[in-house]
Amino acid sequence: MERWNRRPEFSKNSTMPYDARQLLKQYFAFDQFRDGQQAVIENLLAGHSAAAVFSTGGGKSLCYQLPALAFDGLTLVVSPLIALMKDQIDALAARGIAARRLDSTLSADDYRQVMDDISAGRLKLLYVAPERFNNERFRQQMQRIRISLFAVDEAHCISEWGHNFRPDYLKLATFAEQFHAERILALTATATPPVLLDMCRVFQIDEACATCTGFYRSNLTLLMTPVTADDRDRELISRLQERPAGPTIVYVTLQKTAREVADKLTAADFSAKPYHAGLKPDVRESVQDWFLESDHGIVVATIAFGMGVDKSNIHYVYHYNMPKSLENYSQEIGRAGRDGAPATCEVLACSEDLTVLENFVLGDTPTRDSVDRFVREIFSQDEEFDVSYNDLARSSDIRILVIRTLMTYLELEGYLAGGTPFYSGYQFKPLMSSAEILAKFEGERREFLRSMLAESKKKQTWFYIDVDAAARKLQQPRDRFVRALDYLGNQEMLELKVTGVRNRYRRLRVPEDHDALVDHLYDQGMQRERRELDRLNQVIRLVDLRECQVAHLCHHFGKPLDRSCGHCSSCLDPPTRGLDKRAIASLADEAAERIRKAQTELQDQLPDRVQLARFLCGLSSPAISKARLQSDPRFGSLEELPFQAVLDAIP
């Protein structure tokens, strides 16, 4: 537990240091800390790493924003949410706090400015996504920066027991150590007790420095209303008409449902707009900005919306489709009533949603044959090798997130050691002539740059250089080329672009039994599938629960409530009916004929039974993307049928 506990700034006292309260008042205009904030900040200011599990809207961000002002170095904030970064940075700028972000939306000039500000010590906080650590230039630059605090938002993603495991998160602890981060802060809104223990273990946080405020929020009324698919639109419109207007989020599962429901609400004279990942970035940003400014707008959205949206006066959150887990449900309703005013959250629970939700889980699990192809390809490489995850996904027909997970498993089990990812392609556009560039250097550095530029090939206005080939030819370290290109870019002598991330690995050992390893990896995928299905069943049990539903949720998240809440469906109006028994659509003759016809016509593109079942159920995969079949009218034509039933019908 000593890795990040070595540089105490303050002695550990039972009261908050005066300077921290002064910063709270001066920069954030608050006189008091919220529940849990003081304990977390005390631990950090005392030099310890810490963990924080606060309910959504509970003030997690202050736990790193305020300490950042007390530390001399940089606070590096890792978050998967660009919307959160943007909102928080805008709010910090309004308070006179220097913060920036690095993400894919930045121009080359903006990137250079951010890195210049970091090097000059002008920034207090830098926000990045976990994927940013795949950028070798960024990793090299961060190793030269004093990082006083390494804050990880959505830290439950490190745990396979969590609802949103992301293999990138497992490596964050290693990066923090490489950067000599002085302390760690792991934050989340949705950690069950086993997940919190995982967070502390991975980031080496003393359990005594973990603070959990619990799920309970007295201003939220939680309603579970069983409905049929035929009644759901009428029920939603009725609720919106009966209740006072206010900012509202309606959550749906599918992108097309977002469009359809938004259209129905607009036709009923409501101000509603759809939001989903399929929209262009500028459209999504426009909808989000519209919603933030509106006092009565309704966003009909997939879960792509809401994470990091800083709007305190959301009055209603409806689940038009059932949430896929209690953790997702907790996050989504947590966006309501952050201003402390009463807010209503209602699930229009329809059993017909379950097939689509189950299909998403079942369609994501790789087949044993796919895992076998993946393992054979990995262990056919040289001892030192590099791979593209995209190429692996296409060759094995396994989704990229699952590919990343499988590679992480092989690292954790001692088969592989991951190296520094690198870009396979570097492109640059000169902003001055070669002669002008070279005139700024002397001696050996000038000759090196002359040789490097001579290895580049012009393609229209951009030059391309194969860094690996140039390094071999000139017998110079590859890193020298990367540093030189980065320097020329930072000095605005050229505009630099990088493409094609490749991931380096070193093989530590080969499997003694190939089939045993394949079975092991396949079984881990099946275990994940069972966990996801169990999470869905937990939602079903909550809808049908006759006792206090809020108390049940509090117990699930590790902070039991010793009484009934008085503001959930079971407390207010004990339900007389539960979730309707699911009427699973049968495989009619028409559907069977559709399957036979699709199998004949798509044999070349989708030769595997599982591939065809995914296609018909509307579940994308690398093979379907490669064949460009998402726009085919048959894609998703049997989405109302259980995945397993469609699969069983394919000979």
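The values are calculated or read from the model by the stated rules, or taken from the named source; none is laboratory data. Everything numeric in this text was worked out from a predicted model, so none of it was measured. Quick reminder, even Gly has a Cβ in these numbers, built from the backbone with ideal geometry, and neighbours come from all protein chains shown.
Return the residue satisfying two criteria in turn: it lies in region 327-378 and is more than 30 Å from residue 312 (Cβ to Cβ), β-branched (Val, Ile, Thr) and under 21 Å from the mean Cα position of the chain (by Cα), and of such residues it is surrounded by the fewest Cβ atoms within 10 Å (Cβ to Cβ).
361
Is region 379-399 home to any residue that is in contact with a strand residue (DSSP E or B) (Cβ under 8 Å, 6 or more places away or on another chain) and within 30 Å of residue 533 (Cα to Cα)?
yes
Here are 438, 449: which of them is of a type outside the set (Asp, Glu), surrounded by 14 or more Cβ atoms within 10 Å (Cβ to Cβ) and over 41 Å from the mean Cα position of the chain (by Cα)?
On the way: 449 fails: over 41 Å from the mean Cα position of the chain (by Cα).
After applying the criteria, what remains is 438.
Would you check if there is a residue in region 36-43 being crowded, with 22+ Cβ neighbours inside 10 Å, closer than 24 Å to residue 314 by Cα and assigned by TED's automatic domain parsing to the domain that holds residue 149?
Checked region 36-43: at least one residue is crowded, with 22+ Cβ neighbours inside 10 Å, closer than 24 Å to residue 314 by Cα and assigned by TED's automatic domain parsing to the domain that holds residue 149.
Of all residues in region 143-183 being farther than 15 Å from residue 74 by Cα and among the β-branched types (Val, Ile, Thr), which is nearest to the chain's Cα centre (by Cα)?
Residue satisfying both the conditions and the ranking: 158.
Residues that are within 25 Å of residue 543 (Cβ to Cβ) and either in the same structural domain as residue 91 (by TED's automatic domain parsing) or at pLDDT 95 or above (or both): find the helices (runs of 4 or more DSSP H) completely inside region 249-345 holding 3 or more of those. Walk me through how you get there before you give the answer.
Values: elements: 255-267, 281-293, 326-333.
So the answer is 255-267.
Check 183, 122, 112 and return the single one that is buried (at least 19 other Cβ atoms within 10 Å of the Cβ) and either modelled with pLDDT of 90 or more or more than 30 Å from residue 558 (Cα to Cα) (or both). It would help to see each step written out before you state the result.
On the way: 122 fails: buried (at least 19 other Cβ atoms within 10 Å of the Cβ); 112 fails: buried (at least 19 other Cβ atoms within 10 Å of the Cβ).
Within the list 183, 122, 112, the selection yields 183.
Those residues that are aromatic (Phe, Trp, Tyr) and surrounded by fewer than 20 Cβ atoms within 10 Å (Cβ to Cβ), I need them from region 283-321; list them, please.
Of region 283-321, the ones aromatic (Phe, Trp, Tyr) are 290-291, 305, 316, 318, 320.
290, the sole residue that qualifies.
Determine whether region 148-166 contains at least one residue that is in contact with a strand residue (DSSP E or B) (Cβ under 6 Å, 6 or more places away or on another chain) and surrounded by fewer than 20 Cβ atoms within 10 Å (Cβ to Cβ).
no
Out of all the residues in region 487-516, which are among the hydrophobic types (A, V, I, L, M, F, W, C), out of contact with any strand residue (DSSP E or B) (no Cβ under 6 Å at 6 or more places or on another chain) and farther than 30 Å from residue 429 by Cα?
Answer for region 487-516, where residues must be among the hydrophobic types (A, V, I, L, M, F, W, C), out of contact with any strand residue (DSSP E or B) (no Cβ under 6 Å at 6 or more places or on another chain) and farther than 30 Å from residue 429 by Cα: 510, 516.
Out of 324, 280, report the one residue that is of a type in the set (D, E, K, R) and crowded, with 21+ Cβ neighbours inside 10 Å. Let's see the steps before the verdict.
Details: 280 fails: crowded, with 21+ Cβ neighbours inside 10 Å.
Just one listed residue meets the conditions, 324.
Which of the residues belonging to region 561-583 are surrounded by 14 or more Cβ atoms within 10 Å (Cβ to Cβ), of a type outside the set (A, V, I, L, M, F, W, C) and modelled with pLDDT of 90 or more?
Narrowing region 561-583 to residues surrounded by 14 or more Cβ atoms within 10 Å (Cβ to Cβ): 561, 564-565, 567-571, 575, 578-580, 582.
After this cut, where a residue has to be of a type outside the set (A, V, I, L, M, F, W, C) as well, the list is 564, 567, 569-570, 575, 578, 580, 582.
Within region 561-583, 564, 567, 569, 570 meet the criteria.
Considering each residue of region 514-551, count those that are of a type in the set (Val, Ile, Thr) and within 27 Å of residue 377 (Cβ to Cβ), and give that number. Can you show your working first?
First, pick out the residues of region 514-551 that are of a type in the set (Val, Ile, Thr): 518, 539-540, 543, 550.
Still in the list and also within 27 Å of residue 377 (Cβ to Cβ): 518.
Qualifying residue count for the region: 1.
Output the residues belonging to region 605-635 that are without any contact (Cβ under 8 Å) to a residue 40 or more places away in the chain, surrounded by 23 or more Cβ atoms within 10 Å (Cβ to Cβ) and not aliphatic (A, V, I, L, M).
Within region 605-635, 615 is the sole residue that qualifies.
Collect the residues in region 536-573 that are in a helix (DSSP H, G or I), free of Cβ contacts under 8 Å to residues at least 24 places away in the same chain and closer than 21 Å to residue 190 by Cα, keeping them in residue-number order.
First pass over region 536-573, keeping only residues in a helix (DSSP H, G or I): 536-544, 549-556, 569-572.
Next cut, free of Cβ contacts under 8 Å to residues at least 24 places away in the same chain only: 537, 541, 551-552, 555, 571.
537, 541, 551, 552, 555 - these are the residues of region 536-573 that are in a helix (DSSP H, G or I), free of Cβ contacts under 8 Å to residues at least 24 places away in the same chain and closer than 21 Å to residue 190 by Cα.
Can you list the strands (runs of 3 or more DSSP E) found entirely within region 425-515 that contain at least 2 residues being touching a helix residue (DSSP H, G or I) at 6+ places or on another chain (Cβ under 8 Å) and under 28 Å from residue 403 (Cα atoms)? Spell out how you get there, then give the answer.
Numbers: elements: 457-459, 462-465, 494-507.
So the answer is 494-507.
Is it true that residue 206 is surrounded by fewer than 19 Cβ atoms within 10 Å (Cβ to Cβ) and outside the structural domain of residue 51 (by TED's automatic domain parsing)? If you could, list the steps in order and put the result at the bottom.
Values: surrounded by fewer than 19 Cβ atoms within 10 Å (Cβ to Cβ): yes; outside the structural domain of residue 51 (by TED's automatic domain parsing): no.
No: the conditions fail for residue 206.
Please find, among 239, 234, 217, the residue that is free of Cβ contacts under 8 Å to residues at least 24 places away in the same chain and either outside any strand (DSSP E or B) or farther than 30 Å from residue 563 by Cα (or both).
Details: 239 fails: free of Cβ contacts under 8 Å to residues at least 24 places away in the same chain; 217 fails: free of Cβ contacts under 8 Å to residues at least 24 places away in the same chain.
Going through 239, 234, 217 in turn, the sole match is 234.
With (1) free of Cβ contacts under 8 Å to residues at least 24 places away in the same chain; (2) touching a Phe, Trp or Tyr at 6+ places or on another chain (Cβ under 8 Å); (3) of a type in the set (A, V, I, L, M, F, W, C) as the list, and residue 145 as the residue in question, which single condition is left unmet?
(1)
Would you pick out the residues in region 386-401 that are part of a helix (DSSP H, G or I) and among the hydrophobic types (A, V, I, L, M, F, W, C)? Spell out the reasoning first.
In the first step, residues of region 386-401 are kept if they are part of a helix (DSSP H, G or I); the result is 389-396, 400-401.
Across region 386-401, the qualifying residues are 392, 393, 400, 401.
Would you call residue 602 touching a helix residue (DSSP H, G or I) at 6+ places or on another chain (Cβ under 7 Å), of a type in the set (A, V, I, L, M), surrounded by fewer than 21 Cβ atoms within 10 Å (Cβ to Cβ) and closer than 30 Å to residue 346 by Cβ? Can you show your working first?
On the way: touching a helix residue (DSSP H, G or I) at 6+ places or on another chain (Cβ under 7 Å): yes; of a type in the set (A, V, I, L, M): yes; surrounded by fewer than 21 Cβ atoms within 10 Å (Cβ to Cβ): yes; closer than 30 Å to residue 346 by Cβ: no.
Criteria not met by residue 602.
Looking at region 496-554, which of its residues are surrounded by fewer than 18 Cβ atoms within 10 Å (Cβ to Cβ) and of a type in the set (Gly, Ala, Ser)?
500, 516
For the condition under 30 Å from residue 644 (Cβ atoms), of a type outside the set (Asp, Glu) and not assigned by TED's automatic domain parsing to the domain that holds residue 119, what is the one hit in 518, 550, 498? First the steps, then the outcome.
On the way: 550 fails: under 30 Å from residue 644 (Cβ atoms); 498 fails: under 30 Å from residue 644 (Cβ atoms).
One residue alone meets the criteria, 518.
Six or more apart or on different chains, Cβ under 6 Å: which pairs go from a residue in region 325-343 that's closer than 17 Å to residue 554 by Cα to one that's of a type in the set (Phe, Trp, Tyr) and at pLDDT 90 or above? Could you list them?
The qualifying pairs are 332/251.
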